[in-house]
Amino acid sequence: MNKTAAASVDVHSLTKRDTTISILIIGLLFFIFGFVSWVNAILIPYFKIACELTHFKAYLVTFAFYISYFIMSVPASFLLKKTGFKKGMMIGFWLMSLGAFIFVPAALTRTYEIFLVGLFTIGTGLAILQTAANPYITVLGPKESAAQRISIMGVFNKGAGIIAPLLFAAVVLRATDTDLFHQLATMNDVEKNKALDELIRRVIVPYACVGTVLLGLGLMIRYSPLPEINTDGEVMQTTTVGEEKKSIFHFPYLILGAVAIFLHVGTQVIAIDTIIGYAVSMNVSLLEAKSFPSYTLFATICGYTLGIVTIPKYIRQVNALRLCTVLGMIFSLLIIYTHGRVMFLGHDTDVSIWFVVLLGLANSLVWAGIWPLALDGLGKFTRLGASIMIMGLCGNAIIPLLYGWLADKFDTRQAYWVLLPCYLYLIFYAVYGHRVRSWRRGLVRTSNVKRET
């Protein structure tokens, strides 16, 4: 037995006070995840202007940031097994700090590729933190209320997401920038390069500050009272009597769940990171459009709040998952097919943009619904299973690129067709996919599966 395993504790031995403190600390982590992740919503249009990019190239921001999850999630699980949760989280924070500091030379040279390296490094650190935090919060209490706890984490995450684009915009954008953006087309090369250099260098101070804070947070989490939870010691459950699971691939519902996570996070990022560009395409200024990601995230928090109040007392988490996936499909169709100007919250826009906002509500309980279903009964495979699920976060990298390609080929409204197959699969997983216990036997009968949570 290694030292880390020996120092681990069983989750059932934690007192209520220990559990509450642990939830608050993990909540802080999710706040950091949200702040660093959702600032991409403003970085995409910002880099598009400052680095003179197409829609497709601008969404390389999400690709570079989230492809690291695919590459690093399994190595992250082995790192956490060797170091334990707390030391692993410290390393994750320090990698994020390094990525933030890489923004400084990237801004000084206005080199988009260096920015992408910085984003990849931040994403690598986040992959380690997510691999630790998601299974941690899932097992930190009764299984039937896991979606409730994840919803609480979602409030921290999306609350930070509301603040991040607005704070970033307040720091780097100025009231005169709308005129500047219009004047860029009439400037000669020398004037334009000078203006764009000045624009991009505004990120230096905020990201240097972020890097310093992340460095300190790594030390703080290392010496925090967060206990090491022994997930390897859990009793492994199987769905068929006498059947022994020897590989992570013997859990079909986990693999199908990872695909569901891949598609879900892609739809979530599209709802948040494309809405500014969609608003700008309707002649809304960037300074005004910066508010729309916050509206989407607020809608998500409303969904989380409903989940916290109603799950599992009034509705089972699997039924909440089914409802949200169906709503996502309906809102996607309304984005594409509805037209007409409306004045709402001081914005004169096409009505379809508010259905993009409502995707935040539809997406709210999907993540929380998928995780408990996919990790159910993994036992000693819990850490590796969580890594497989985190690998699904590369959907954040791939699906927005598809949106950007469609936006360049058609337009920003028609590009939302990419959402339809995603939600159709999510409906499949919510209704049937999570019941698959054998690749050979396909879907098992509901009567042969233990009661769904």
Given the criteria open to solvent by less than 20 Å² (accessible area, probe 1.4 Å), touching a helix residue (DSSP H, G or I) at 6+ places or on another chain (Cβ under 8 Å) and in a helix (DSSP H, G or I), does Gly266 qualify?
yes
Regarding Ala175, is this residue loosely packed, with under 14 Cβ neighbours inside 10 Å and either within 29 Å of Tyr136 (Cα to Cα) or modelled with pLDDT under 90 (or both)?
yes
For segment 205-252, which positions are within 25 Å of Ser37 (Cβ to Cβ) and at pLDDT below 60?
Thr231
Considering (1) in a helix (DSSP H, G or I); (2) among the hydroxyl-bearing types (Ser, Thr, Tyr); (3) open to solvent by 40 Å² or more (accessible area, probe 1.4 Å), say which one Thr300 fails and leave the rest.
(3)
Among residues of segment 347-364 being over 14 Å from Thr274 (Cβ atoms) and open to solvent by 20 Å² or more (accessible area, probe 1.4 Å), the residue farthest from the chain's Cα centre (by Cα) is Asp348
Run down Ile67, Ile23, Ile44 and say which single residue is modelled with pLDDT of 85 or more, open to solvent by 10 Å² or more (accessible area, probe 1.4 Å) and not acidic (Asp, Glu).
Ile67
Evaluate segment 337-346: report whether one residue or more is hydroxyl-bearing (Ser, Thr, Tyr) and buried (at least 19 other Cβ atoms within 10 Å of the Cβ).
no
Restricting attention to segment 407-432, which residues are farther than 14 Å from Met329 by Cα and either outside any helix (DSSP H, G or I) or open to solvent by 20 Å² or more (accessible area, probe 1.4 Å) (or both)?
Asp408, Lys409, Phe410, Asp411, Thr412, Arg413, Gln414, Val431, Tyr432
Consider segment 89-115. How many of its residues are aliphatic (A, V, I, L, M), open to solvent by 10 Å² or more (accessible area, probe 1.4 Å) and without any contact (Cβ under 8 Å) to a residue 40 or more places away in the chain?
3
Against the condition in contact with a Lys or Arg (Cβ under 9 Å, 6 or more places away or on another chain), under 29 Å from Gly377 (Cα atoms) and at pLDDT below 80, how does Ser145 come out, does it pass?
no
Select from segment 379-406 the residues that are surrounded by fewer than 24 Cβ atoms within 10 Å (Cβ to Cβ) and either in contact with an Asp or Glu (Cβ under 8 Å, 6 or more places away or on another chain) or among the hydroxyl-bearing types (Ser, Thr, Tyr) (or both) and list them in ascending order.
Gly379, Lys380, Thr382, Arg383
Of the numbered conditions (1) of a type outside the set (Lys, Arg); (2) in a helix (DSSP H, G or I); (3) open to solvent by less than 50 Å² (accessible area, probe 1.4 Å), Ile330 satisfies every one except a single condition; which is it?
(3)
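The values are calculated or read from the model by the stated rules, or taken from the named source; none is laboratory data. All of these numbers come straight from a predicted model, not from anything done at the bench. Quick reminder, even Gly has a Cβ in these numbers, built from the backbone with ideal geometry, and neighbours come from all protein chains shown. We work out accessible area using only protein heavy atoms, side chains counted, and drop any ligands, DNA or RNA first. Shrake-Rupley method; radii C 1.70, N 1.55, O 1.52, S 1.80 Å.
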